[in-house]
């Protein structure tokens, strides 16, 4: 989804403005065919990885600069079904349904461990995503991802107010190998309140600053700055950034959030709207 910006310069110098001559093709008798369009790849996709088809993979694909897209993935494949493995990386859009890995951009967070990874898309569109994921653990493991785009109506919300502010979310926090139940609510100004959570990093009156910024009709950029907390030394005085998306899943509204520290660790939250 590369965006091409065209600038038209007008010169009011008097006289006749002549248009520049177009440079001829290398072989003027054979016009250059138009380039195939870049891969169409954006939105919220839900599917499975072949290593464990009974577990869910949710991917949020967002435009980046140039031909790149950013992929955020939640994979629920741990012994505790509330622990999300977090996927984060970029793809460069290609042609005819392909997209290639952006080197050194991918990271997979599995519990307390973080691994470099790569991803290549063999076929994609606005309705389907087919990819090969390679994770560099002690040995490289290759996995096939097949995901289908959720209907736009299932996650097409207009702004922060109607989909978040008037809803009490009930779900689970996941950090490393730890999980905790927790409710999440948003005040009149849109500021999040996590005082109902059992996770010590956010429980009680912990100093924190949250910023939610609507980016389009279906997702948000999120920033979280945690203050001093002796019960949460891992995340004390840390700043995280990521994304959140609201979608309709199994006849209820679902909030999925991912916050990353940029150094191989992350926090996730999945809540059901009450």
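Residues in region 217-254 that are closer than 25 Å to residue 152 by Cβ and within 13 Å of the chain's Cα centre (by Cα): 218, 219, 220, 221, 222, 242, 243, 244, 245, 246.
If we keep just the residues of region 53-68 that are under 19 Å from residue 121 (Cα atoms) and more than 15 Å from the chain's Cα centre (by Cα), which is modelled with the highest pLDDT? Taking the candidates together, the pick is 56. Taking the criterion of being at pLDDT 90 or above and either touching a helix residue (DSSP H, G or I) at 6+ places or on another chain (Cβ under 9 Å) or surrounded by fewer than 18 Cβ atoms within 10 Å (Cβ to Cβ) (or both), the only residue of region 74-101 that qualifies is 100. Of the strands (runs of 3 or more DSSP E) contained entirely in region 108-188, those carrying at least 3 residues that are crowded, with 20+ Cβ neighbours inside 10 Å and modelled with pLDDT under 90 fall at 178-186. Can you tell me how many residues within region 226-274 are surrounded by 14 or more Cβ atoms within 10 Å (Cβ to Cβ) and assigned to a strand (DSSP E or B)? Of the residues in that region, 27 qualify.
Would you check if residue 71 is touching a strand residue (DSSP E or B) at 6+ places or on another chain (Cβ under 7 Å), crowded, with 16+ Cβ neighbours inside 10 Å and modelled with pLDDT of 85 or more? Considered against the rule, which asks whether it is touching a strand residue (DSSP E or B) at 6+ places or on another chain (Cβ under 7 Å), crowded, with 16+ Cβ neighbours inside 10 Å and modelled with pLDDT of 85 or more, residue 71 comes out as yes.
The values are calculated or read from the model by the stated rules, or taken from the named source; none is laboratory data. These figures come from a predicted structure and were not determined experimentally. Cβ: placed from backbone, ideal geometry, glycine included. Neighbour counts: every protein chain shown.
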